[in-house]
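See structure below.
Read-outs: derived from the displayed coordinates by stated rules, not from any lab. As the structure is a prediction and not an experimental result, all values here were calculated from the model. In this analysis, Cβ positions are derived from the backbone assuming ideal geometry, glycine residues included, and neighbour counts consider all displayed protein chains.
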Amino acid sequence: MLRLSKGFTLIEVMVTIAVAAILLGIGVPSLVSVYESVRVNNNIEKINNIFLFARNQAISYGTTVNVCAFASATSCGTDWGNGIRVYITRADSSEKELRVIDNFNPNDKLKGPSSAFTFSPDGLSSSADLIYCPGGKSNNSKSVTVSNSGLISYGEDGKSC
């Protein structure tokens, strides 16, 4: 009596696993670089947008708007990788926080000015470059540039961190 079995043999399963392992070994490194590239583009766009927001608020409300590295809800720091804080200083010297970007990927490095800078009521600012380096490597870095006239643009790629 001939019995018909259903399923896979051990050899078929082993060959399938070996082929899958080879394909993953080839594909995963390229996926890591794609993920890193997408992360850099998303974060540099966030940085660009927060500077555009700060300048817009300064012009729209006729007030000085400050941009600095985030340390806490009420203070600025020096490590731009912790995030970015946008705030105004009121007449009574109290601060009103307008927007905050929380910390970036801890493996990445964000290089910016050593102190806070401001957008004046007419939209002018001191010049600054913020350079975002994925994994601390400068070959894939992207930057945002703020000119003295307040113009905010994407800067050169590949700047050193």
Spherically averaged projected area in nm², based on the convex hull that wraps the Cα atoms of the chain: 14.3
Calculated [θ] (222 nm, deg cm²/dmol) that DSSP helices of n ≥ 4 give over the chain, each run adding -39,500 (n - 2.57): -12000 deg cm²/dmol
Choice from Val86, Val34, Val67 with maximal GNM fluctuation in the chain (Cα, 10 Å cutoff): Val34
For the chain, size of Cβ-based charge dipole, Lys and Arg +1, Asp and Glu -1, in debye: 400
For Thr64, Thr118, order by how many other beta-carbon atoms lie within 10 Å, fewest first: Thr64, Thr118
Charge-dipole axis of the chain as Lys and Arg at +1 and Asp and Glu at -1 on Cβ define it, positive-most pick from Phe51, Val146, Leu10: Leu10
Spin-label model distance (nm) - Ile11 vs Asp79, 7 Å beyond Cα toward Cβ: 5.8
Exposure proxy ranking, count of Cβ atoms within 10 Å, fewest first, for Asp79, Asp122, Asp92, Asp108: Asp92, Asp122, Asp79, Asp108
Sites Phe53 and Arg90, calculated FRET efficiency, Cβ-Cβ separation with R0 22 Å, nearest 0.05: 0.75
The chain: Cys lacking any partner C-beta under 4.7 angstrom: none
Computed lengthening from Ser33 to Glu97, 0.36 nm per intervening residue step minus Cα-Cα distance: 19.5 nm
Proximal charge balance of Ala73 [Cβ under 10 Å; K/R count +1, D/E count -1]: -1
Segment Ser126-Val19, extension gain: residue separation times 0.36 nm, minus the distance between their alpha carbons: 32.8 nm
Most mobile listed residue (Pro106, Pro134, Pro29) in the chain, GNM with C-alpha springs under 10 Å: Pro29
Between helix 10-61 and the chain: long-axis angle, C-alpha atoms, 0 to 90°, nearest 10: 10
Top of Val15, Val65, Val100 by mean-square fluctuation, Gaussian network on the chain, Cα under 10 Å: Val15
Net charge over other residues, Cβ less than 11 angstrom from the Cβ of Ile44 (K, R count +1; D, E count -1): 0
Partner lysines for Lys109 [C-alpha distance under 21 Å; skip if fewer than 8 residues away on the same chain]: Lys46, Lys137, Lys142, Lys159
